[in-house]
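Before any comments, here is the structure.
The values are calculated or read from the model by the stated rules, or taken from the named source; none is laboratory data. Everything numeric in this text was worked out from a predicted model, so none of it was measured. Using ideal geometry, Cβ is built from the backbone for each residue, glycine included, and neighbour counts are taken over all protein chains shown.
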Amino acid sequence: MDPNKLKPYEVKDFKNIRHMVDLAAEEAGDKIAYKYIEKKEIKEVTFNEFRLITEYLGTAIADLGFGSSHVANIGINSFKWICIYVSVLKSSGVYVPIDKELPETDIINVVNNSESEIIFYAKKFEGFFTENRAQFPNIKYFIGLDREEDEGEFLSYDKLLAKGKELYEAGNRDYEKLGSDPHDLKMLVYTSGTTGNSKGVMLTEHNLKNGIYYGLQVSKVFDSCLSVLPYHHTYEAVPGILVAIHHHATLCINDKLTNVLKNLNTFKPEYIYLVPAFAELFYKKIWATLKDKKIDGLFKVMIAVSNGLRKVGIDVRRKMFKSVIDNFGGNLKEIVCGGAPIRAEIGKFFDDIGIILFNGYGITECSPLVSVNRVECNDPSTVGMILPCLELKFEDIDDDGIGEICVKGDVVMKGYYKQPELTAEVLSEDGWFKTGDYGYINKDGLLVITGRKKNLIVLSNGKNIYPEEIEEYIQGIPYVKEVVVYSLVDENGFEDRLCAEVFPDYDSVEAKSSDNLAEVLKKDITIRTSALPAYKKISVVKLREKEFTKNSSNKIKRNLIEK
């Protein structure tokens, strides 16, 4: 189907985040908004209860005198994290989510740079904040999520919430009166990046509201979601948390990344947001299990039969592949992937077995959604349709028609906090944002990403190479866990050859049975990349003994690789 002829899904409009939360309580008040595990028990919170908790917490923060302040939060994914987040978004203050994986010096720098006046923190940071109190001159209160008692500037979250409830029930409505201009700073997100240079992305309530509203116009979600990715990332904070509130979906909070499969079976969600690394892991695990049971050939035949039936209007995928779907809880209908390219064959595989995988594209500076596939025209080799509120253009287009993706519209940030020079480099005066990603629009009108601008390799013969493209081919080798492609420099300083540095699955059958894994791998890479032109072929293969260093988004830090 022509994507240009598709109508946006109907979405109820709302004024701001406060209005959105109120609507959820009015329209679905008794429905379960959140499920989470606490002391091995599943806790449930309705939309009515959630609205009241945010009112209590917001009232307490306002009573302390910080209803219009910058409020930081650092810790693991939790129901309390969400309550703090939404409470601050409803106030006149600014929310500052902080990556819990940052080195201590970076945490100090981010807190101070953000001009936060209070900070909420998880138990693991108790010692860090008490021992480094002097390093945070602007912080007036440290609020421990697991603290039982108040001690001077260090307060208990539970006691603060109880105080807010007491004030609210006594008639205090100061928090309700708070509000801010929709175009003022509302959320300050520090990008983890892959280069170590953190920037404070300034998002407004207008940005967040339109990310939710227009995101739901192009992306259909279901009734329950397993919430997995780190909350300090906008990918989970906006399409995950905020979209679920407006859609009145139940958000089930995953407690540990190692428990994802376990919690899929515990909560039995209908959709989930993932980064491609997770989908790749699921895909390879399924095929490894099928091979172990020696039924992988039969499974391929079943897929072929199922696809043949679909061509004549008979869809029995979820019955035929029930045993696989049951491993994901039995109800999973949709996986939304973003954050990095994903191999098209993975998207096709999940579609073949009855779980739709939508590939999308986002960037923190765009709150974060730029484009996503739709069920009516789902092509996993693309990142889908641009949000209705965005304009798109390409700059520096090369001979292959590939250019830097630039967007303009309601979800584009205000700029980088206190960094006007950096802002001017990527954001024009008339609102065009340079994403730093290269791509093109295909014949069907869908956006294709070819790679990151900063990763672009220019060989001595003038040929441009996007390493992500070649890495995608190599990732298709079953025993390859991670791969990075980069250029090698000759004695004259010219980039003339390509190297694939690979971290294999040393526990795989292929790796264990190989006397010379590097040689086998090089042959497999040659076969796998045979369709590529000669200048994109791999000359050198290098094996790694351990995984690549990654940031908290699970993206490899390419700048730390020794070439």
Looking only at region 26-53, and only at residues there that are farther than 23 Å from residue 264 by Cβ and of a type in the set (A, V, I, L, M), the one that is surrounded by the most Cβ atoms within 10 Å (Cβ to Cβ): 53
Filtered residue count, region 241-294, keeping only those that are of a type in the set (D, E, K, R) and within 14 Å of residue 227 (Cα to Cα): 5
Pick from region 275-317, criterion closer than 20 Å to residue 507 by Cα and of a type in the set (Val, Ile, Thr), ranking: surrounded by the fewest Cβ atoms within 10 Å (Cβ to Cβ): 289
Of residues in region 498-526 being closer than 22 Å to residue 292 by Cβ and either among the acidic types (Asp, Glu) or not assigned by TED's automatic domain parsing to the domain that holds residue 468 (or both), the one modelled with the lowest pLDDT: 510
Some residue of region 372-379 being out of contact with any helix residue (DSSP H, G or I) (no Cβ under 7 Å at 6 or more places or on another chain) and surrounded by 23 or more Cβ atoms within 10 Å (Cβ to Cβ): yes
Whichever residue in region 470-509 is of a type in the set (Val, Ile, Thr) and in a strand (DSSP E or B) and, among such residues, is farthest from residue 456 (Cα to Cα): 480
Residues (over 19 Å from residue 264 (Cα atoms) and assigned to a loop (DSSP other than H, G, I, E, B)) located in region 288-334: 293, 294, 295, 312, 313, 314, 315, 316
For residue 469: the one exception among (1) under 30 Å from residue 408 (Cβ atoms); (2) more than 23 Å from the chain's Cα centre (by Cα); (3) in contact (Cβ under 8 Å) with a residue 60 or more places away in the chain: (2)
Selection from region 1-21 of residues that are within 26 Å of the chain's Cα centre (by Cα) and in a helix (DSSP H, G or I): 3, 17, 18, 19, 20, 21
Selection count where residues are of a type in the set (D, E, K, R) and over 18 Å from residue 160 (Cα atoms), scope region 68-104: 4
Meets criteria (surrounded by 15 or more Cβ atoms within 10 Å (Cβ to Cβ) and either within 26 Å of residue 101 (Cα to Cα) or in contact with a His (Cβ under 6 Å, 6 or more places away or on another chain) (or both)) for residue 551: yes
Subset of region 32-45 [over 16 Å from residue 241 (Cβ atoms) and either touching a helix residue (DSSP H, G or I) at 6+ places or on another chain (Cβ under 9 Å) or basic (Lys, Arg) (or both)]: 37, 38, 39, 40, 42, 43
Yes/no for residue 203 being more than 24 Å from the chain's Cα centre (by Cα) and either surrounded by 14 or more Cβ atoms within 10 Å (Cβ to Cβ) or touching a residue at least 40 places away in the same chain (Cβ under 8 Å) (or both): no
Conditions (1) more than 16 Å from residue 121 (Cα to Cα); (2) in a helix (DSSP H, G or I); number of the one not met by residue 88: (1)
Residue in region 42-65 that is touching a residue at least 24 places away in the same chain (Cβ under 8 Å), touching a strand residue (DSSP E or B) at 6+ places or on another chain (Cβ under 8 Å) and of a type in the set (Gly, Ala, Ser) present: no
Residues that are part of a strand (DSSP E or B) and buried (at least 18 other Cβ atoms within 10 Å of the Cβ), drawn from region 143-160: 143, 144, 155, 156
Residue match in region 175-182 (condition: of a type in the set (Lys, Arg), in contact (Cβ under 8 Å) with a residue 12 or more places away in the chain and either in contact with an Asp or Glu (Cβ under 8 Å, 6 or more places away or on another chain) or surrounded by fewer than 13 Cβ atoms within 10 Å (Cβ to Cβ) (or both)): no
Failed item, numbered, when residue 17 is tested on (1) closer than 20 Å to residue 165 by Cα; (2) touching a helix residue (DSSP H, G or I) at 6+ places or on another chain (Cβ under 9 Å): (1)
Residue in region 111-125 that is of a type in the set (D, E, K, R), buried (at least 22 other Cβ atoms within 10 Å of the Cβ) and not in a helix (DSSP H, G or I) present: no
Breaking point among (1) under 18 Å from the mean Cα position of the chain (by Cα); (2) assigned to a loop (DSSP other than H, G, I, E, B), for residue 181: (1)
Residue selected from region 473-491 under the condition modelled with pLDDT under 90 and among the acidic types (Asp, Glu), by the criterion nearest to residue 349 (Cα to Cα): 490
Top-ranked residue of region 440-469 - restricted to ones that are of a type in the set (Lys, Arg) and not in a helix (DSSP H, G or I), ranked as surrounded by the fewest Cβ atoms within 10 Å (Cβ to Cβ): 443
Tabulated pairs, region 518-543, first aromatic (Phe, Trp, Tyr), second not in a helix (DSSP H, G or I), C-beta under 7 angstrom, 6+ apart or interchain: 535/459; 535/461; 535/463
Subset tally (residues that are surrounded by fewer than 16 Cβ atoms within 10 Å (Cβ to Cβ) and touching a helix residue (DSSP H, G or I) at 6+ places or on another chain (Cβ under 9 Å)) for region 479-510: 2
Residue match in region 214-221 (condition: crowded, with 18+ Cβ neighbours inside 10 Å, within 25 Å of residue 255 (Cα to Cα) and modelled with pLDDT under 95): yes
Hey, residue 171 modelled with pLDDT under 95 and not in a helix (DSSP H, G or I) or not: no
